[in-house]
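Read-outs: derived from the displayed coordinates by stated rules, not from any lab. Keep in mind that this is a model prediction, so the values were computed, not measured. Counting neighbours? That spans all protein chains shown, and the Cβs are built from the backbone with ideal geometry, glycine included.
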Amino acid sequence: MKRFSEQLQKKAATISLTASEAAILRERLTAYMEYHPLPVTAVVATRKKVFSDSFIEVSMPARYTRSFAVFSILALLVIVPTLAERAIPGDVLYPIKVQVNEEVRSTFASEGYEKIAWETKRLERRISEARLLAKEGKLTSDIEAGVIAAVQLHAKATEAEINTLRTSDGEAAALASLTLASVLDVQSAALKANDTGSTTQGMSTVLLASALDIAQANVVADNNTTVSPERLIAQLEQKTTRGRELLASIQPAATPSEINDLNRRLSDIERKVGSSVELSANNPVEAVEILLTTWRDMQVLITFMTDIDVRTNLALESLVPAVLTPDEEVIATRIAYDKAARQLDRLKVQVPNMEPSGLKDKFLLALPEVESLLQAATSSLATDSTNARKAAIAAYDYTRSMVESLRENNEVGQPVVTTATSTATTTLSTATSTETTSTTTTR
């Protein structure tokens, strides 16, 4: 059989149609196809879909694929980092905030003062996060330990940058150290002021405040470089300009009282800088001391304006006391002087009639001291209004303390009302009335 098949194939290979035979065969096939067409369903080839249990095949138009890819990239680069900026320790996005967002910003911060400012800002961010958790009662011991470690890390990083800067610009490094110390001081005070739940789990910030105090002590101990008055004046002028810009930016959210207080402090700083310009020519050492204190006050004001928690928990007067103008010095001196003089008149009448000899003898020795202070206030008001005010306030404190002691010992009942004006008050009024328009020494 196999032999026959081979012979048949070999014989078929030798047979070929002639041209006429091929034409006749082609015509027959064409005629047969015309009278016997294939069904329509047979034209479309069917494809058998195969599905597996591990996946499902989904088809999507190309334009949808491109849109999805663009949205994914946008979410990864913009939306997620933006949402992460509001994260606090314990949130899912918090590692992105600390390890991605802040690290990227660190790479864009140039070396020197800008790098120090950014590390200081990171330290403030950790403190603000801890304060927010404490308000919500979520500052657990583990989270607080992590915050303290982060604060210490940022403080050390800032100090390292300051030490690097010190090799090239010692004055700038000294100012950076003073700025860091001021920030730590203000943040520590805010934490202590807001620590209403020191005995409540999850609300205490005592350990964090102590860590800030330790870091501040280390910074102050390393700040031994003297800054020239010219450098301080130039830097303070830049700081006051920034302070004015910050004041304008917070006006919609701040109260009128806060705006007035902040404007007053900025004016005080500007007056100090102006007076230090003249003082630096005659006494540069004293000018530097005043300017360094002014630098600290300016940095505190900036922190106060940029940190809402500090502004809420601390009174501005406790951070940066207002500096009286010469006219205000005179008014304050008059008020304290008048009060002390009235109290002195009462004491002169009542002390000689006291029964306890020991207390009487102490008061009799103190009365001449009060008179001496009032005399000093009168004599120095025209030339040094600051010392005049201090003397008048000291005299008033003396007399007030003595009157309170008398009341505690039942030696004085109702206050003695004197209708006559004391000689001391008349003396001060005479002295100040002739010096109203004169120029007094500024503080």
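Partner aspartates and glutamates whose Cα lies under 14 Å from the Cα of residue 239, excluding those fewer than 8 positions away in the same chain, are identified as 268, 270, 297. The lysines within cross-link reach of residue 348, meaning a Cα-to-Cα straight distance under 28 Å and a gap of 8 or more places when in the same chain, are 339, 360, 362, 390.
Cross-link reach is defined here as a Cα-Cα straight distance under 16 Å, omitting same-chain residues fewer than 8 places apart; for residue 192 the lysines meeting it are 135. Name the residues of the range 376-398 whose amide N is less than 17 Å from a point 7 angstrom out from the Cα of residue 328 along the C-beta direction? Backbone N within reach: 385-390, 393.
In a reduced charge model with +1 at each Lys and Arg Cβ and -1 at each Asp and Glu Cβ, the range 133-185 shows a dipole moment near 100 debye about its Cα centre. 3J(HN,Hα) along the range 105-112, derived from phi through the Karplus expression 6.51 cos²θ - 1.76 cosθ + 1.60 where θ = phi - 60°, amounts to 5, 5, 5, 7, 6, 6, 5, x Hz, with x in place of Gly and Pro. Is the range 191-332 rounded, prolate or oblate when judged by the Cα gyration tensor, a ≥ b ≥ c being the square roots of its eigenvalues, rounded requiring a/c under 1.5 and prolate requiring a/b larger than b/c? Judged from the Cα gyration tensor, the range 191-332 comes out oblate (a/c at least 1.5, b/c at or above a/b).
Applying the Karplus relation 6.51 cos²θ - 1.76 cosθ + 1.60 with θ = phi - 60° to the range 376-391 yields 3J(HN,Hα) values of 5, 5, 5, 6, 9, 4, 6, 10, 8, 5, 5, 5, 4, 5, 4, 5 Hz, where x marks Gly and Pro. Taking a ≥ b ≥ c as the square roots of the eigenvalues of the Cα gyration tensor, an a/c ratio of 1.5 or more together with a/b no larger than b/c marks the range 91-200 as oblate.
With a simple spin-label model that places each label point 7 Å from the Cα along the Cα-to-Cβ direction, the separation between residue 169 and residue 318 comes to 3.5 nm.
Counting other Cβ atoms within 10 Å as a rough exposure proxy, the listed residues 140, 333, 14, 255 run 14, 255, 140, 333 from fewest neighbours to most.
Could you tell me the calculated FRET efficiency between residue 277 and residue 100, based on Cβ-Cβ distance and R0 = 41 angstrom, to the nearest 0.05?
According to the calculation, E is roughly 0.30.
Placing R0 at 41 angstrom, the Cβ-Cβ distance between residue 207 and residue 69 gives a FRET efficiency of 0.30 after rounding to 0.05.
The 3J(HN,Hα) values that the Karplus relation (6.51, -1.76, 1.60; θ = phi - 60°) gives for the range 253-262 are, in residue order, 9, 8, 7, x, 5, 5, 5, 5, 5, 5 Hz. Gly and Pro appear as x.
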